[in-house]
DNA sequence: AGCACGCCGACT
DNA sequence: GTCGGCGTGCTC
């Protein structure tokens, strides 16, 4: 039987590069002359409401679509996404409940200008010459409503621009006669340095090496012995050094990943560079590419160094992050063409197309929250872990996740296999000090440890609460925290009473503990400044240091240093004191127990000899598991709890932050959100958003027993809210703070 | 009738 | 995102 001829000509689904939740991909006719050039991943120019827009073809419809009316106007040459990258981006958008545009942009070359016109003709009083490039905003300013006519007449043509490759200035020795430089020592030094470099070298490097100035070089050039020229800057590739073999257990782990699949390796943080290097070496030996994803730029140095040591000299490695400017787009080209072997990058590299099939992925320090862009800012608001899980499945390469204490979202994920963790050899002694019945901020044990440090040259780090951490009210008698009767979360302390961080329920401040009746109810949480004053007084010395955010005082010399967790625990100390573990163990946000475990574990990793933990909950299972380096038993208990509550990774949770006047927000929620929800999706809020989101921000929570249903609801709600005026919308799947 | 405003859907 | 249509409520 012959198939019926289709009633429609072929069409393409086009995702416009317009950053809004409101526009789904739209169908456009493919004119016959473009049929061979329009494929999934093509960058095309189309018309929307009479204006031209740039879009990416995300699918072909050979049988057409009766909604398609407009034709694709042009195909942009030199730029095309692989179809696997396009389907990966579509999956990422589904999971992140994000608009397509920012996700596709993350896969396109950095610096791609999508809002500029090329001038194709001229009109009377026209300020531009033919051939010139004009930004869309300048054209709009100059022409107003006339812009659309100019577009329709083809006088202005939407023209995406790739960043111009950077140039470098080279100095080259010419064949001119040897000049007499006996009275010009600087010029002589320059010429000698240039000869040592083989007669051709970058001007900036040459001047630095000869410690000469540009005027000396100019003088030398005037004599004709040297000339300078500008050439396109090559991408900043580094070669392998081949000075070491990959570490043996890491190489064993890498071999498994080479076979494909999703792998978790609970190696300690200090072993991550060696693990990433072994994976890179395995990829290169198999002729494949490796993408190493690092949460923070500062961590890239040691990882790249380690990788270079184990790579052969013929292999290339490069770093990739947002601060690199033009060099980044040259690297994009090299990676996409398959010329680069190993890319070490931040989250901005997670969707970057790689030219060779089945690349290996490695996510370093997997649970780190810097692996995700904050929603509402540039970038993809989905954790690199999730992107990598999708990417490995789409491309068929393997993925390796590194963390001694991985996220429960990964550990509890079906299909992720664990490589047996190496034994932890370096672990301190731990003293857990029961603070029940004590009102003092520091125990005798902690003070003695500090006092001992004064004379011996050993160093103690005292870790206060993170700045801006929500505090709770805790009973100094029995240890109970004041909790919301509905949600059973610890109540946050505000200026005018207590408030549940989830449902927004307000409670008056209290004098007495509702559990034991004691009057010794006080705010939990020690600020670093208060701790330091307390310590200086008790020790009778001013020689204490401070290391908190931007405030650094004697942090490298003082025998006792007080500070906030992040800077404190990225250093090593002979002794670490955690004066208040309870604010971690009791903190209200969902996911806080996971963060508490990780912070306690990091404190142990940062300690050489003795870790002192003050708590009113000495038997807390999270605390016990952390100081015993027993992640599996923590995960077992916590995953059981999350499963019972239907929280991620077992259910879906989507936070929607709305900014706008309260009345407008409430009305929009009533009229647009409630009606959009399907059964099985719960809606909480709106409650005032955490203060970090700024004034007049409100937060909605969508919850479902099914991950996919929650993300779907998030997309639907975002789409309906996107067109409400005077409201800005931000969607976050699996939010960190709830 | 004439206009500002906000809501709402279309745009392929 | 951007636009235009339309109902509402106000003023002349």
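What to note about this one:
- All of A:446, A:440, A:429 fail the test of being closer than 20 Å to residue A:568 by Cα, out of contact with any helix residue (DSSP H, G or I) (no Cβ under 8 Å at 6 or more places or on another chain) and surrounded by fewer than 17 Cβ atoms within 10 Å (Cβ to Cβ), apart from A:429.
Residue by residue, here is whether (1) closer than 30 Å to residue A:345 by Cα; (2) surrounded by fewer than 18 Cβ atoms within 10 Å (Cβ to Cβ); (3) at pLDDT 95 or above holds:
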position: A:55; (1), (2), (3): yes, no, yes
position: A:64; (1), (2), (3): no, yes, no
position: A:95; (1), (2), (3): yes, no, no
position: A:104; (1), (2), (3): yes, no, yes
position: A:114; (1), (2), (3): yes, no, no
position: A:128; (1), (2), (3): no, no, no
position: A:146; (1), (2), (3): no, yes, no
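Residue-by-condition table, conditions (1) over 24 Å from residue A:576 (Cβ atoms); (2) free of Cβ contacts under 8 Å to residues at least 60 places away in the same chain:
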position: A:599; (1), (2): no, yes
position: A:607; (1), (2): no, no
position: A:612; (1), (2): no, no
position: A:625; (1), (2): no, yes
position: A:636; (1), (2): yes, yes
position: A:653; (1), (2): yes, no
position: A:658; (1), (2): yes, no
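- Test: residue in region A:695-702 that is more than 30 Å from residue A:432 (Cβ to Cβ), free of Cβ contacts under 8 Å to residues at least 12 places away in the same chain and either in contact with a strand residue (DSSP E or B) (Cβ under 9 Å, 6 or more places away or on another chain) or more than 16 Å from DNA strand C (Cβ to nearest atom) (or both): yes
- Residue check for residue A:215: assigned to a helix (DSSP H, G or I) and either within 30 Å of residue A:89 (Cα to Cα) or within 16 Å of DNA strand B (Cβ to nearest atom) (or both): no
- Region A:148-171, subset loosely packed, with under 13 Cβ neighbours inside 10 Å and closer than 13 Å to residue A:119 by Cβ, residue nearest to DNA strand C (Cβ to nearest atom): A:153
- Pairing each residue of region A:667-682 that is under 19 Å from residue A:651 (Cα atoms) with any residue that is part of a helix (DSSP H, G or I), provided the two are 6+ apart or on different chains, yields C-beta distances under 7 Å for A:677/A:713; A:678/A:713; A:680/A:709; A:681/A:709; A:681/A:710; A:681/A:713.
- Residue within region A:524-545 that is in contact with a strand residue (DSSP E or B) (Cβ under 6 Å, 6 or more places away or on another chain), over 18 Å from residue A:461 (Cα atoms), in the same structural domain as residue A:626 (by TED's automatic domain parsing) and modelled with pLDDT under 90 present: yes
- Identity of the residue in region A:716-737, within 16 Å of DNA strand C (Cβ to nearest atom) and either assigned to a strand (DSSP E or B) or at pLDDT 90 or above (or both), that ends up surrounded by the most Cβ atoms within 10 Å (Cβ to Cβ): A:731
- Residue, farthest from DNA strand C (Cβ to nearest atom), within region A:29-54, restricted to residues that are under 15 Å from residue A:78 (Cα atoms) and assigned to a strand (DSSP E or B): A:42
The values are calculated or read from the model by the stated rules, or taken from the named source; none is laboratory data. None of these values were measured; they are calculated from a predicted model. For neighbour counting, all protein chains shown are included, and Cβ atoms are generated from backbone atoms with ideal geometry for every residue, glycine included.
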